[in-house]
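Asks: To start, I am sharing the structure in question, which I have written as structure tokens.
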Amino acid sequence: MMPSSTSTKNRWRFLAVAALSAGCTSSMATSRMGSAVVTESNGVPCFSIPVNDETRQGLPLRGIAVTEIQTGDWNTLPAELWHFTAADPASRLQLRPTACVRYGEAPTASIQRTFKPLMPYRVYYVMVNARTDDSSMIAYVAKFCVKPAAAGKNIVQTISPDERGGDQRYELCARP
């Protein structure tokens, strides 16, 4: 009996997925995620890495990207508002937990790809990409917004997961 074209397609899909999975396990094991640190510097978001044994001496920074969290239309990629990468992947742009990179101020040894101003009451997502000494990639991520404050300045509000159910507390960024 001849196999149907559907079962043949499914068999090829299974083999392709199995082959890709086998080749990806080593790279997946060397990539990790953590929580980025978002602070405020004169009303501007400032991004860094957490303090721990691995980051205490700093990590080579590969880039930072900020996008707007979208609600509703999941068929559209989020708008990238600011993004820079290290000009030379072998460069040693160091990011220490005691320092931060202000929004819109890319380090001198980097290539800035986009820059758009942040709007109040919108929720943003930041990804800080760094590399460890053993060449593992770490993506530090966080969500935040900016809210107007007195004297024309902004307040930077970080959004952490709600411990009760994992829901994001976007209401912290809602208009009053």
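Asks: With every protein chain kept in the model, how would you rank Glu68, Glu40 by accessible area, 1.4 Å probe, largest at the top?
Replies: On the way: Glu68 45, Glu40 90 Å².
Listed by decreasing accessible area, they come as Glu40, Glu68.
Asks: Additional query: Simple spin-label model, 7 Å along Cα-to-Cβ: Met119 to Thr132 in nm?
Replies: Placing both labels 7 Å beyond Cα along the Cβ direction yields 3.9 nm.
Asks: Let me check something: with ligands and nucleic acids excluded, how do Met127, Met119, Met33 order by accessible area (1.4 Å probe), largest to smallest?
Replies: The most accessible residue leads, giving Met33, Met119, Met127.
Asks: Okay, next question. Rank Thr108, Ser136, Val123 by how far each Cα sits towards the positive end of the charge dipole of the stretch 106-156 (+1 on Lys, Arg Cβ; -1 on Asp, Glu Cβ) and give me just the farthest.
Replies: Result: Val123.
Asks: Still on this structure: Under 12 Å from the Cβ of Pro97, count the other residues' Cβ atoms, weight Lys and Arg +1, Asp and Glu -1, and hand me the total.
Replies: Neighbourhood net charge equals 0.
Asks: Okay, moving on. Would you kindly state how much longer the chain becomes between Leu77 and Ile111 on full extension, computed as 0.36 nm times their sequence separation minus their alpha carbon distance, in nm to one decimal?
Replies: Extra length available between Leu77 and Ile111 comes to 10.0 nm.
The values are calculated or read from the model by the stated rules, or taken from the named source; none is laboratory data. These numbers were taken from a predicted model, which means no experiment stands behind them. With ideal geometry, Cβ positions are generated from the backbone for all residues, glycine too; neighbour counts draw on all protein chains shown. Each accessible area value is taken on the protein alone, full model and side chains, heavy atoms only, with ligands, DNA and RNA left out. Shrake-Rupley method; radii C 1.70, N 1.55, O 1.52, S 1.80 Å.
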